[in-house]
Amino acid sequence: MTATPRTALTIAGSDSGGGAGIQADLRTFFACGVHGMTAITAVTVQNSLGVQGFTEIPADVVTAQIKAVAGDMGVDAAKTGMLATAEIIQAVAKTLDEVHIGRDTDTPFVVDPVAASMTGDALLREEALEAIRTELFPRATLVTPNLDEVRLLTGILVTDEESQREAARALLEFGPQWVLVKGGHLYNAPRCVDLLSDGTQFVALDGPRHDTDNTHGGGDTMASAITAALAKGEGVPDAVASGKRFIERAVAESYALGAGVGPVSPFW
Ligand code: PLP
């Protein structure tokens, strides 16, 4: 028998194309050596060209999935991705309190505030943004928005280091313990610089920019790699540095698939 690995739970949507969402989370957990568990929130119909539509899972079924695994197998760290509706977000927040996951508990909780795909298709009903801010952010150990999500959540358009700091401060106002403002979508920048802050420390994580259009699932993959590192007991700054190394490699190894945007890859 093998020693039992640490466990990580993803609460997120399915991507039929296998590049993002639950599928990206599970293979990242696997690549990072943790046992992955899932609470599926929505089923998207998508391929490399975009999201054709989605159906959400009833909120009580999302809740039941979380309780089933937390009560029996135990969760060492959890993350959220696509949550689809305000009703699901409210149900997830309440359930996480009941199973003692989130900041101020022993189980770290990462919120990747997924709002739209990189092809511009909505993955969240409009009224749900407010629920992400008010229900999830105060419970989060770490939130990991990209620059489009920062603009949606705070109204701040990040264009440089100073506005990235301003965005970090604005996001911390909603109550997460740490925020990672990812700079990868600042397309004219020569490097990908992400800013991590808890309001006291401001840590710039600088990495190379790879010349590829195949970045589908990149945000999910980074948040999952961070969640896996947290599950293994790393503190937030170390876990984020681990996640950054993982996504750099996954982008470097990304591949073309289909006529549109190919996925980042954890195969190496
Ligand atoms: N589909 C699902 C289910 C997702 O969770 C996400 C991102 O989180 C996407 C699609 C979009 O991924 P990308 O923005 O990398 O295309």
Please return the ranges of strands (runs of 3 or more DSSP E) entirely within the stretch 1-106 where 2 or more residues are under 22 Å from ALA229 (Cα atoms). 7-15, 35-47, 77-80
Among the candidates LEU123, LEU142, LEU180, LEU172, residue that is among the hydrophobic types (A, V, I, L, M, F, W, C), touching a residue at least 60 places away in the same chain (Cβ under 8 Å) and out of contact with any helix residue (DSSP H, G or I) (no Cβ under 8 Å at 6 or more places or on another chain): LEU123
Top-ranked residue of the stretch 32-46 - restricted to ones that are out of contact with any Ser or Thr (no Cβ under 7 Å at 6 or more places or on another chain) and within 16 Å of the ligand (Cβ to nearest atom), ranked as farthest from ILE11 (Cα to Cα): THR41
Considering every residue within the stretch 158-167, establish whether at least one is within 16 Å of the ligand (Cβ to nearest atom), crowded, with 22+ Cβ neighbours inside 10 Å and not in a loop (DSSP other than H, G, I, E, B). no
Could you grab me the full set of residues in the stretch 153-180 that are within 16 Å of the chain's Cα centre (by Cα) and more than 17 Å from ASP220 (Cβ to Cβ)? LEU153, LEU171, PRO176, GLN177, TRP178, VAL179
May I ask you to say which residue of LYS244, LYS232 is in contact (Cβ under 8 Å) with a residue 40 or more places away in the chain and touching a strand residue (DSSP E or B) at 6+ places or on another chain (Cβ under 6 Å)? LYS244
What number of residues within the stretch 1-15 satisfy the criterion of being small (Gly, Ala, Ser) and near the ligand (Cβ under 9 Å from one of its atoms)? 3
Which residue is nearest to the ligand (Cβ to nearest atom), if the candidates are limited to the stretch 231-260 and must be under 19 Å from GLY36 (Cα atoms) and more than 13 Å from the chain's Cα centre (by Cα)? ALA250
Determine whether the stretch 211-233 contains at least one residue that is at pLDDT below 95 and either among the basic types (Lys, Arg) or buried (at least 24 other Cβ atoms within 10 Å of the Cβ) (or both). no
Matching residues, the stretch 168-198, being farther than 22 Å from LEU129 by Cα and exposed (fewer than 15 other Cβ atoms within 10 Å of the Cβ): TYR187, ASN188, ALA189, PRO190, ARG191
How about the stretch 1-54: which of its residues are among the polar types (S, T, N, Q), over 26 Å from THR95 (Cβ atoms) and buried (at least 23 other Cβ atoms within 10 Å of the Cβ)? GLN46
Go through the stretch 245-268 and report how many residues are under 14 Å from THR28 (Cα atoms) and surrounded by 21 or more Cβ atoms within 10 Å (Cβ to Cβ). 9
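The values are calculated or read from the model by the stated rules, or taken from the named source; none is laboratory data. For clarity, every value in this text was computed on a predicted model and none was experimentally measured. Every residue, glycine as well, gets a Cβ built from its backbone with ideal geometry; the counts of neighbours run over all protein chains shown.
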